[in-house]
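We did not get these values from a lab; they are worked out from the coordinates using the rules stated. From a predicted model like this one, the values you see are computed outputs, not experimental measurements. Note: ideal-geometry Cβ built from the backbone for every residue, glycine included; neighbour counts use all protein chains shown.
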Amino acid sequence: MPDRPYHHGDLRAALLASAERALAERGPAALSLRELAREAGVSHAAPSRHFKDKQALLDALALTGFERLTERLERAAEGADGTLANLVGLARTYVGFAVEHPALLDLMYTRKHDPDVSEQLVAAVERMLDSVVNPIRRGQAAGEIAEGDPFAIAMTVAATLHGFVTFKAGADPADVETRLSDVMGVLHDGIAPR
């Protein structure tokens, strides 16, 4: 058997990309650092420079998932005109990410609730929540969302979207879009000022 090289270029990124594919195809239990090293064409010890064990790999995968989702949510909020348009943009972005990456989203929320979650992952989750809280605050300032704790309202929005994704998993995309618009209309009516 030929020796496998230790150096790769950007091995960490290659391992994370392969791990995400494997996660989507086979689930977290089937992930193996040794198999990922083989796929990357490096020695079986090479991944240990970046991930001390499989759990560290899963944590890094969850972290990058939250970072990618947050970037998408922040971009969605940039050009929206008005609170309802902003919320619908956030909803479409979240649901789109969930539909594209269901196994990753599941891992993200599983790791988020782990008692040994890293401070880095906690910060990434908080940043994601801020991407929902900030539009709520702007909507409140504009008088388009009822007064109250913006975090509680944002949690209601986030929980609704996450529940929607769970209920609509595997549904026809046209039905998802129609139902999402309906759900966001009801949600907006519920948080609008009285």
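Listing for the model above:
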| read-out | value |
| --- | --- |
| Size of electric dipole in the chain: Cβ of Lys, Arg +1 and of Asp, Glu -1, about Cα centre, debye, nearest 20 | 500 debye |
| Ranked list, fewest to most other Cβ atoms within 10 Å of each Cβ, for Val88, Val117 | Val117, Val88 |
| DSSP H segments from the chain that extend 18 Å or more along their own axis, Cα-based, with Kyte-Doolittle mean of 1.0 or above | 150-167 |
| Rel. contact order, % - alpha carbon contacts under 8 angstrom, at least six apart, segment 1-143 | 25 percent |
| Pair-distance profile P(r), taking every C-alpha pair of segment 120-194, with 10 angstrom steps and integer % | 18, 43, 31, 8 |
| Relative compactness, segment 62-191, computed as alpha-carbon Rg over 2.2 N^0.38 Å | 1.02 |
| Pairwise FRET efficiency - Ala13 versus Asn134, Cβ, R0 = 25 Å, nearest 0.05 | 0.30 |
